[in-house]
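S.K.: Okay, here's the structure, questions in a sec.
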Amino acid sequence: MPTTGDRLARRYRRLLFCHPRAYRRARADEMVGVLLDAAPPGRTRPTPREAVNLIRHGLRCRLGRPASRTVGVWAALTAVICGLFTAALATRAAWETSAPLPDRAETAAVFTAVLPGHDLGDVELAPALFTFYSQPLTVRALDNLLLGDGGEYQQSEVVAGTAGAPRMSADETLALAQRRLRETGWQVYAPTVRSALGCVDKTCAPLVTTTDTTVLARRGDTVLQLHVAAPPSPDGGNLSLTLSRAAPPAVLPAGVAGGLLGAALGWLVFGWASRRTEAARRTPGTVGVLLGVTLFLWWAPVLLTAPDLLGHHRAQPHPTWHPLWEWLGQPAGSLLFVVGAASALLTLALAAAPRRDPLPTAAVG
């Protein structure tokens, strides 16, 4: 065979790796022969159309069940949710590249620069980058995390308050702070204002309208929130400043890489389980139920949480987005995830049970 044919044949065979191994063993030579016969003299590479068709056919063939019209949908749902979970795990690992949270000295320097003339009060330092009820997450807290309190796992902040009575009105404080933030290199976002009926003393008589204004700013990897209340709260405090870290640069590439890897593995594992249970007489119904349970438990928190979080982001400025796992309803819905994972493992156990190997499956299309 000519050298160009050998080169073209090797490239066709590389594309056939999208097909299951048993299918390649049974039909690879025949398929490559047909493709070479149809190729014009001198061609050294598959055409884009041939490449797309071979990849599409191979991915579909990996799912087995050629008569099914929905197996591709189930495989896609599985691959996407697996990709999202692995992306969230990768981003959490990438968050460890973040700089430590500001210490007392850094917090005091920012407070003095942004609020000159105000006395710094107590500074609450954070023990970890992410905390559960203001404490680092430990094994002992996993039961509470799983049983409804997962939403308390949040990014930490360093909180600084003021000492003594307010020296200026809320409007003057806000104007001063925004001016000083811009002068010291912070990117300042539009303030958020909330009003509600509240108390000005212990008797709560009469009720007055209280206004809580939040100013967000970012400089480098530091995010600042300034909270100003008017009139002052009963304990005399009307001003607080919090500092946190923005997502480090490694989060985005880690999420993309983790998501693509997880989606690919999810598709391959789904295809393997689908082919393994295709010829079984007793397991298809059980496997289908378990798969439905798994996808429901994994997708439900995403579908419930993501729209609300998107509305939250659109309604308020965010110097940095919420972590990816919160968009997936985690760890607030961690119990659903764990039960879904158990259902997925049971599905794989059924697929791994000994069986009689069926003939290689041809894909439709």
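S.K.: Give segment 225-279 a look and list any residue that's modelled with pLDDT under 90, outside any helix (DSSP H, G or I) and more than 26 Å from ARG104 (Cα to Cα), or say none.
M.R.: The answer is ALA230, PRO231, PRO234, ALA279.
S.K.: Among the residues of segment 290-305, is any open to solvent by less than 40 Å² (accessible area, probe 1.4 Å), at pLDDT below 95 and within 30 Å of ARG24 (Cβ to Cβ)?
M.R.: yes
S.K.: Looking at segment 196-213, is at least one residue modelled with pLDDT of 90 or more and open to solvent by 70 Å² or more (accessible area, probe 1.4 Å)?
M.R.: So far as segment 196-213 goes, no, none of its residues is modelled with pLDDT of 90 or more and open to solvent by 70 Å² or more (accessible area, probe 1.4 Å).
S.K.: Next question, about the same structure. Residue by residue through segment 56-67, note down the ones that are more than 28 Å from the chain's Cα centre (by Cα) and open to solvent by 40 Å² or more (accessible area, probe 1.4 Å). Explain how you work it out, then say what you get.
M.R.: Of segment 56-67, the ones more than 28 Å from the chain's Cα centre (by Cα) are 57-58, 61, 64-67.
Residues satisfying the conditions are ARG65, PRO66, ALA67.
S.K.: Same structure, new question: Being within 17 Å of the chain's Cα centre (by Cα), under 23 Å from GLY333 (Cα atoms), assigned to a helix (DSSP H, G or I) and among the aliphatic types (A, V, I, L, M): is that true of LEU297 here? If you could, list the steps in order and put the result at the bottom.
M.R.: Working: within 17 Å of the chain's Cα centre (by Cα): yes; under 23 Å from GLY333 (Cα atoms): yes; assigned to a helix (DSSP H, G or I): yes; among the aliphatic types (A, V, I, L, M): yes.
Answer is yes for this residue.
S.K.: Out of all the residues in segment 306-336, which are among the hydrophobic types (A, V, I, L, M, F, W, C), under 23 Å from GLY148 (Cβ atoms) and either modelled with pLDDT under 90 or in a loop (DSSP other than H, G, I, E, B) (or both)? If you could, list the steps in order and put the result at the bottom.
M.R.: To start, the set of residues in segment 306-336 that are among the hydrophobic types (A, V, I, L, M, F, W, C) comprises 306, 309-310, 315, 321, 324-325, 327-328, 332, 335-336.
So of that shortlist, the ones also under 23 Å from GLY148 (Cβ atoms) come out as 306, 309, 324-325, 327-328, 332, 335-336.
Scanning segment 306-336 gives LEU328, ALA332.
S.K.: Moving on to the next point. Suppose the filter is modelled with pLDDT under 90 and under 28 Å from HIS57 (Cβ atoms); does ARG282 pass it? Give the derivation first.
M.R.: Numbers: modelled with pLDDT under 90: yes; under 28 Å from HIS57 (Cβ atoms): no.
Considered against the rule, which asks whether it is modelled with pLDDT under 90 and under 28 Å from HIS57 (Cβ atoms), ARG282 comes out as no.
S.K.: Suppose we filter ALA75, ALA9, ALA87, ALA22 for residues that are open to solvent by less than 40 Å² (accessible area, probe 1.4 Å), of a type in the set (A, V, I, L, M) and over 30 Å from VAL302 (Cβ atoms); which single one remains? Lay out the reasoning, then the answer.
M.R.: Working: ALA75 fails: over 30 Å from VAL302 (Cβ atoms); ALA87 fails: over 30 Å from VAL302 (Cβ atoms); ALA22 fails: open to solvent by less than 40 Å² (accessible area, probe 1.4 Å).
The match here is ALA9.
S.K.: Can you confirm whether ALA99 is part of a loop (DSSP other than H, G, I, E, B) and either aliphatic (A, V, I, L, M) or more than 30 Å from ARG276 (Cα to Cα) (or both)?
M.R.: Working: part of a loop (DSSP other than H, G, I, E, B): yes; either aliphatic (A, V, I, L, M) or more than 30 Å from ARG276 (Cα to Cα) (or both): yes.
It is true that ALA99 is part of a loop (DSSP other than H, G, I, E, B) and either aliphatic (A, V, I, L, M) or more than 30 Å from ARG276 (Cα to Cα) (or both).
S.K.: Enumerate the pairs (first residue in segment 169-187 and farther than 12 Å from LEU115 by Cα; second residue anywhere and open to solvent by 60 Å² or more (accessible area, probe 1.4 Å)) with beta-carbon separation below 7 Å, excluding pairs fewer than 6 apart on the same chain, so at least 6 apart or on different chains.
M.R.: GLY185/ARG219; TRP186/ARG218; TRP186/ARG219; GLN187/ARG218; GLN187/ARG219
The values are calculated or read from the model by the stated rules, or taken from the named source; none is laboratory data. Keep in mind that this is a model prediction, so the values were computed, not measured. Here Cβ is always computed from backbone atoms with ideal geometry, including for glycine, and neighbour counts include all displayed protein chains. Ligands, DNA and RNA are stripped out before the accessible areas are found, and what is left, the full protein with its side chains, is counted by its heavy atoms. Shrake-Rupley method; radii C 1.70, N 1.55, O 1.52, S 1.80 Å.
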